[in-house]
Amino acid sequence: MKKGDSTAFVLFVFLIVLFPLLTESAYTLTVGIFSGMNALVAIGLCILMGYAGQVSLGQAGFYGIGAYVSSIVSLQIGISPVLSTVMAMIVAALAAVILAVPALRLKGHYLAVATLGFGEIIFIILNEWGPGGPSGFGDIPRFGLLGYTVHTASGYFYLIWGLVALVMFFSLNLLASLSGKALRAIHDSELASGAVGLNVARLKIKVFILSAVYASLAGSLYAHYVTFVSPSSFSLFYSILVLTMVIVGGITNVWGAIVGAIVITVLPELLRKFAELDVLVYGLILTLSLMFFRKGLVPIMIDQMRKIRRFAVAKR
Amino acid sequence: MLTVFLQFLFSGLTVGAVYALVGIGFNITYNATSIINLAQGEFVVIGGLMMWFFSESLHLPFLVSVVCTIGSAGLVGLLMERLTIKPLKQPDLLLMIMITIAVSIVLRGILMFSFGKEPYVYPAFTEGDPISVSGAIIQQQTLWVIGITGFCIVGLFVFFKRTIIGKAMRACAVNTAAASLVGINVSRMVMLSFVLSAVVGAIGGMAITPISLMEYDKGPMLAVKGFCAAIMGGLGSNRGAVIGGFIIGILESMTAGYIHSGLKDAVALIILLLILFLRPAGLFVSKTMLDLRKF
């Protein structure tokens, strides 16, 4: 982990511990819980897009695999949701390999449309063959381990944000390691990376698997928290929502994924009055941030802080 | 047996014609700018819904409604290019993809806000009894859809081959720098390509709505299938897009008829993935061309 990142990480863990102590409201905690789930998916997409330079419009597919596989397995076989979540992650990883091996030879538009097609196929499968069809199914068991089940909102908040912290810790270390540097090299030039001996294809597939596993984990958490799933939560719109989170937060910084996820999850709660306008609002946010804040919130904030520091040093 | 088969074939040809038009729309912008405009499906929806607005809500005469619909779709294409594509400085491919997706969401949001979520329909262009071919029924509107598609294809062919503007647009596609050196206003040609692709999409939407209804969120699926049609024949080739569109339309309606109607969308998607993975240059392109192009 880099120096700035470890400071940020300590602060981040501190905020996670503090947040449920500051608020009593179950509503605020619920919004927090959903932000955490979205953050997991967004971190994966951010590493895939910002660091490896690959587009994906199919994250909802992996999110759906996580939710459906884990709920079906835990309901049918009756094993603990913790185990079924891990099984769902393995299934998502396999799906990612099947998609990534042929798809990552493609670039740009072709890759975008291929991943979009993959996401839509998963959506159709859930609609046609998922239990309950388009209306979904319920009674999914809640999370628990060794006889202890998580019931309270604050318990779930700690569970989900604890996992976000864990994923973040892993991701930051990964990005600071040699693989992280290799990823950035791929982003800058695939040809040059290949020429200095990096196995470009293998690295890209690994990142793709990583992003799929994160999305699957988030999907399982969603299913076992809401205890009800239906295909409509896993449509193309969710993939685009995650894309918006990553762009708004800042594609070049993983912290941006978390900030973006919180902003985009909280925003519709603030805009409750304009419920009918949500699609339009998301579209406008995405368009405007692409055109005017292409860097994203977190990188812009970092730039500003650097400027202020430089100014202070100059004054002294 | 034959009757049922023919019936599926005709409905396949009808939707296939619209996929072909969407595919041609992709080609027009791709050829002039090498951008894949993922908002292409929304143009079709705009065509259908605006036609309903002008003819059913404002009760304008048929031809006036058609002209107004084409005009408003063209305007949307123009605004899209001027407001989002042109102002971009140093655009990279990732940004271009995302901006067209973003615009498609904005358009979908506007359509949902103004038309709501319910499907719209208006009467067929001509009244009259359907034609029967060995038991299978062809609605008159089906003939309109196929006829209009044919007309568009011929019209675009003449436009690109014979008119000076069409030739200028083709020149931009070959080499932008060289085109601007011989005095072609490249920026205007890019704008025109967006307008033209929007108009082509909207024409498809106007023609198909009396048969298959139109609602605000049909855009993404139409875009995916149109894109599938376009790459099947090799991106940039209009003839390929037409053949690809009809193949997808027919396979889709056969699947819906003989296997299961819920799987009809999956067919196009699976074909799309297979083509992308195995022959991204298109089915009708030679091996040499395949090696020359980058994906």
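Summary table below
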quantity	calculated
Overall Cα dimensions of the protein assembly as shown, principal axis frame, Å, largest first	71, 61, 50
Using alpha carbons only: equivalent-ellipsoid semi-axes of segment B:14-101, gyration tensor based, whole Å	28, 16, 10
Helical segments meeting 30 Å axial Cα length and Kyte-Doolittle 0.5 threshold in chain A (DSSP H)	A:81-103, A:108-129, A:153-176, A:200-226
Cα-based helix-to-principal-axis angle, B:264-278 vs chain B, degrees rounded to 10	30
Relative exposure of B:Leu75, B:Leu60, judged by other C-beta atoms within 10 Å (fewest first)	B:Leu75, B:Leu60
Subset of A:Lys2/A:Lys181; B:Lys225/B:Lys264; B:Lys117/B:Lys225; A:Lys206/A:Lys295 violating a 18 Å alpha-carbon distance limit	B:Lys117/B:Lys225; A:Lys206/A:Lys295
Rg to Rh, two decimals, where chain B supplies the alpha carbon set and Rh follows Kirkwood	0.97
Segment B:181-252 - convex hull of alpha carbons, volume per residue in Å³	116
Mean shadow area of segment A:72-117 over all directions, Cα convex hull, nm²	3.8
FRET efficiency for B:Met1 and B:Leu274, using Cβ-Cβ distance with R0 set to 30 Å, rounded to 0.05	0.55
Rounded tilt (10° steps) of B:219-232 against the dominant C-alpha axis of chain B	70
Translational diffusion coefficient (Stokes-Einstein; Kirkwood radius from C-alpha pairs) of segment B:161-295 at 10 °C, 1.306 mPa s, in µm²/s	93
Diffusion constant of segment A:1-98 at 25 °C, which comes from Stokes-Einstein with the Kirkwood Cα-pair radius and 0.890 mPa s, µm²/s	153
222 nm mean residue ellipticity, helices alone, for chain A (DSSP H n ≥ 4; -39,500 (n - 2.57); rounded to 500)	-25500 deg cm²/dmol
Given charges at beta-carbon only (K, R positive; D, E negative), |dipole| of chain A in Debye	1500
Ranked list, fewest to most other Cβ atoms within 10 Å of each Cβ, for B:Leu283, A:Leu163, A:Leu57, A:Leu178	A:Leu178, B:Leu283, A:Leu163, A:Leu57
Centroid-to-centroid separation of segment A:37-74 and segment A:201-255 [C-alpha atoms, Å]	3
Efficiency of FRET between B:Val67 and A:Leu22 - r from beta-carbon atoms, R0 60 angstrom, step 0.05	0.45
Debye-sum result for chain A in log10 I(q)/I(0), which assumes one identical scatterer on each alpha carbon, at q = 0.08, 0.12, 0.15 Å⁻¹	-0.36, -0.82, -1.29
Order of B:Met112, A:Met49, B:Met221 under a 10 Å beta carbon neighbour criterion, fewest first	B:Met221, B:Met112, A:Met49
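Computed from the coordinates by the stated procedures, all read-outs in this text should not be read as laboratory data. Note that this is a predicted model, so its numbers are computed, not measured. Positions of Cβ are generated from backbone atoms using ideal geometry, with glycine treated the same way; all protein chains shown enter the neighbour counts.
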